[in-house]
Amino acid sequence: MAADVDKRIPEEEKKISPHNGKQSLGSRSWICRGMWTWVVVCAVPLFAFGIKYYQDAQLLKRHEESVRTLGAEGLFLFSSLDTDHDFYLSPEEFKPIAEKLTGITNPADFEEEAIHDPNGETLTLEAKMQPLLLDSMTKSKDGFLGVSHSSLSGLRSWKSPAVPSSSFSASHFRVFLPPKNKIEVGDTWWVIPSELNIFTGYLPNNRYHPPTPRGREVLIHSLLSMFHPRPFIKTRFAPQGAVACIRASNDFYYDIVFRIHAEFQLNDIPDFPFWFTPGQFTGNIVLSKDASHVRLFHLYVPSNRSLNVDMEWLYGASESSNMEVDIGYLPQLELQSAGPSTPSVITDEQGNIIDRRDSSNEPIQFVFEEIHWTSEISQEEAARRMEVTFYPFKKVSYLPFSEAFDRAQAEKKLVHSILLWGALDDQSCSGRTLRETVLESSPVLALLNQSFISSWSLVKELENLQQNPALSEKARLHLEKYSFPVEMMVALPNGTIVHHINANFFLDQTAMKPEEEEATFSFSGGFEDPSTSTYISFLKEGLEKAKEYLAQ
């Protein structure tokens, strides 16, 4: 039988040379490798998406379980303490509760001040300022009608830096050095930690003079005092404090970027308080790892947006007095090092000691080697990491208006768009309300990551975009739905608004009594507090209204 089968095989097929056999096996091997490579390339992004989707789903599930265990009010309290949103309270996070229950406050954990070396290097900083443009304020549109002259006296008179130039010991800038457990490029840490929590609430408005700075606050206070004599390092509202990030490093130097939230009191007695709060101070410092030398220092208020300062002033002497709020544009508020830090005392080649502070000595020119970084990240990435440290809601990427709709089209998602008068990440009332009641909530973050591309814009920016042929229609549709102070919208990738809610109406809804709230909204599941539940409901309603688009 075997012989018969063998006869049916053509003779030429039997004569397969060793060379032909290897060629055939090699071809099949190459095809197999190519197929496996294709499978892996396709599987990796799908696997990553699956993990992200699973994590977000687990987060939503964990919140529902937490509500059942603690109740809405209990979870709201827990979430206010759980600053890293990992559903566990570390000793540091539990500290406010312990202090409240025991009545004992542990002293602040400030590093001991380094001993100042009188012969160490000194750094000269120069302050520059262009005063706030009064016509950028909303109140200027009606000629400041109803605003007393005394209320704005401090603002109108602040035309230049209080101290145009000042010298500092280089060793004082060691406050910007990272702690021992934060030495990798990209690491962030609190230079001045926030002290605001659910128990402290907001700090009082009716103050004129800042408290005495301590520890690391001393240098920051001295720097900001070059602009104005009354800086408050601890802001009244969140965000509060200062955060830094290692942008680059080598064996001897760090390039550290930082972000500071502070404010100024521009009025003094007998005028009522006037608070001047820039959206942020940011900048960078290049210094040696032992802080003996500072190559560069730069601090400034970003002026790339059309509005960058929040202002609030009282109309009375008590904390309960009426307050007026406005926003405006500050073109420049900046500190810049005049050059690298240099030693005050040097020894020449003959061993003679020369004190450069002695004006009778000839000036000396210093030559500095160029710094080459062995590890670094971009300025933008460092800024993003600091933002996430300050604002958990920035775990969701907020794209510029010009990019959000193209991304939504590509990913077949809706646009979660926030249109407001002042910046979402500044100290303005509207920005604070959104951040603290809604956008930093974990279930909202999870839903936004799953189903939306997020963006926030200023009204003035969209008004300018009406001259842009590619974006004018989308900008017009947004402006048509906008009402002061903040409008939250759900839009299709073509710019059509399918759902929107005003911040004031939103807050009215969340302030309702439970029985009224239930009559107005039907919540599919309890989340941590009424604000979160209402916003989750708003987003889901937007998804429902856009189903026809999503089904395409």
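The values are calculated or read from the model by the stated rules, or taken from the named source; none is laboratory data. Predicted model only: the values in this text are computed from it and were never measured. Heads up, the Cβs are rebuilt from the backbone with ideal geometry, glycines too, and the neighbour counts pull from every protein chain shown. For accessibility, only protein heavy atoms count, side chains too; no ligands or nucleic acids. Shrake-Rupley method; radii C 1.70, N 1.55, O 1.52, S 1.80 Å.
So which of E548, E528, E544, E517 is of a type in the set (D, E, K, R), modelled with pLDDT under 50 and closer than 27 Å to Y482 by Cβ?
From the options E548, E528, E544, E517, the qualifying one is E517.
With the requirement that a residue be surrounded by fewer than 17 Cβ atoms within 10 Å (Cβ to Cβ) and of a type in the set (D, E, K, R), what does region 462-480 give you?
E463, E473, R476, E480
So E184 passes all but one of these: (1) closer than 21 Å to E263 by Cα; (2) modelled with pLDDT of 90 or more; (3) assigned to a loop (DSSP other than H, G, I, E, B). Which condition number does it fail?
The failed condition is (1).
Taking R305 as the residue in question, decide whether it is open to solvent by 10 Å² or more (accessible area, probe 1.4 Å) and of a type in the set (K, R).
Yes: the conditions hold for R305.
Quick check on F272: is it in the same structural domain as M226 (by the TED database) and modelled with pLDDT of 95 or more?
Judged against the criteria, F272 is not a match.
L335 is checked against (1) in a strand (DSSP E or B); (2) among the aliphatic types (A, V, I, L, M); (3) under 20 Å from the mean Cα position of the chain (by Cα) and fails just one. What number does that condition carry?
Single failed check for L335: (3).
State the number of residues belonging to region 368-385 that are in a helix (DSSP H, G or I) and closer than 27 Å to S341 by Cα.
4
Taking interchain pairs and intrachain pairs at least six residues apart, which have beta carbon atoms under 9 angstrom, with the first residue in region 182-205 and farther than 23 Å from G283 by Cα and the second modelled with pLDDT under 80 and among the acidic types (D, E)?
F199/E99; P204/E319; N205/E319
Counting only residues that are polar (S, T, N, Q) and either under 16 Å from the mean Cα position of the chain (by Cα) or over 20 Å from L125 (Cα atoms) (or both), how many does region 223-246 have?
2
For region 206-216, indicate whether the set of residues that are of a type in the set (V, I, T) and open to solvent by less than 60 Å² (accessible area, probe 1.4 Å) is non-empty.
Checked region 206-216: no residue is of a type in the set (V, I, T) and open to solvent by less than 60 Å² (accessible area, probe 1.4 Å).
Kindly indicate the residue of region 269-284 that is part of a loop (DSSP other than H, G, I, E, B) and open to solvent by less than 30 Å² (accessible area, probe 1.4 Å) and also nearest to E312 (Cα to Cα) among those meeting that condition.
P273
Checking S288 against (1) within 18 Å of V191 (Cα to Cα); (2) small (G, A, S); (3) buried (at least 21 other Cβ atoms within 10 Å of the Cβ): exactly one of these is not met. Which one?
So the condition that S288 fails would be (3).
Checking G186 against (1) surrounded by fewer than 17 Cβ atoms within 10 Å (Cβ to Cβ); (2) touching a strand residue (DSSP E or B) at 6+ places or on another chain (Cβ under 6 Å); (3) of a type in the set (G, A, S), which test does it fail?
(2)
Restricting to region 172-181, name every residue that is among the charged types (D, E, K, R) and modelled with pLDDT of 95 or more.
R174
Determine the pairs where a residue that is in the same structural domain as L333 (by the TED database) and within 18 Å of E369 (Cβ to Cβ), located within region 286-312, has a partner that is acidic (D, E) and open to solvent by less than 50 Å² (accessible area, probe 1.4 Å) with Cβ atoms under 6 Å apart, the partner being 6 or more residues away or on another chain.
V286/D255; H293/E121
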